[in-house]
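For reference, the structure is listed below as structure tokens.
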Amino acid sequence: GRTATVGFVVAAQNGQPSFRTPTVLIRAIGPSLSVFGIKSPAALPHLRLFNAKGLDVTPTVFIFPVDWNATFALAGAFKLTGGERAIASYDVAGISAGNYTVQVTDDSGNGGTVLIEVYLIANAVYIPGPS
């Protein structure tokens, strides 16, 4: 299958205490794109996060569970209505400053259009969801 890849950089925050790491919301959006007129969105987008050394850090930096709609609102992101899957298609990560790459595949095997988004969530570790 095909893989969509995007890179991003998290800069060191001046004056930020060393114990606080930046928190980012990462989303791989497929089915919800249909409301914007996208004809062939990826059905089951699945994201993985890699650090500058090329190591898959997905299992070690992601934070779960969260109140997703509140987290999307905090980041200024639109709600997902197409059935994207938490953890597989979107998650919140506490990451240190550095270079990262997001790679997205389609678990359905059919491919299609995917939108990859990365939001820095200022002053928030995460919004807890129901336990």
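The values are calculated or read from the model by the stated rules, or taken from the named source; none is laboratory data. Quantities reported herein were computed from a predicted structural model and do not represent experimental measurements. So basically every Cβ, Gly included, is an ideal-geometry build from the backbone, and we count neighbours across all protein chains shown. Keep in mind that these areas ignore ligands, DNA and RNA; they rest on the heavy atoms of the full protein, side chains included. Shrake-Rupley method; radii C 1.70, N 1.55, O 1.52, S 1.80 Å.
Considering Ala43, Ala28, the condition of being touching a strand residue (DSSP E or B) at 6+ places or on another chain (Cβ under 7 Å) and either more than 22 Å from Arg2 (Cβ to Cβ) or assigned to a strand (DSSP E or B) (or both) is satisfied by Ala28 alone. Taking the criterion of being open to solvent by 30 Å² or more (accessible area, probe 1.4 Å), of a type in the set (A, V, I, L, M), in contact with a Pro (Cβ under 6 Å, 6 or more places away or on another chain) and in contact (Cβ under 8 Å) with a residue 24 or more places away in the chain, would at least one residue in the stretch 102-115 satisfy it? Within the stretch 102-115, one or more residues are open to solvent by 30 Å² or more (accessible area, probe 1.4 Å), of a type in the set (A, V, I, L, M), in contact with a Pro (Cβ under 6 Å, 6 or more places away or on another chain) and in contact (Cβ under 8 Å) with a residue 24 or more places away in the chain.
Given Ala73, Ala88, which one is of a type in the set (A, V, I, L, M, F, W, C) and without any contact (Cβ under 8 Å) to a residue 12 or more places away in the chain? Let's see the steps before the verdict.
Numbers: Ala88 fails: without any contact (Cβ under 8 Å) to a residue 12 or more places away in the chain.
Exactly one residue qualifies, and that residue is Ala73.
Filtering the stretch 39-60 to residues that are open to solvent by 60 Å² or more (accessible area, probe 1.4 Å) and of a type in the set (Val, Ile, Thr) leaves only Thr60. When restricted to residues that are farther than 15 Å from Glu117 by Cβ, under 14 Å from the mean Cα position of the chain (by Cα) and among the charged types (D, E, K, R), the stretch 57-89 contains 1.
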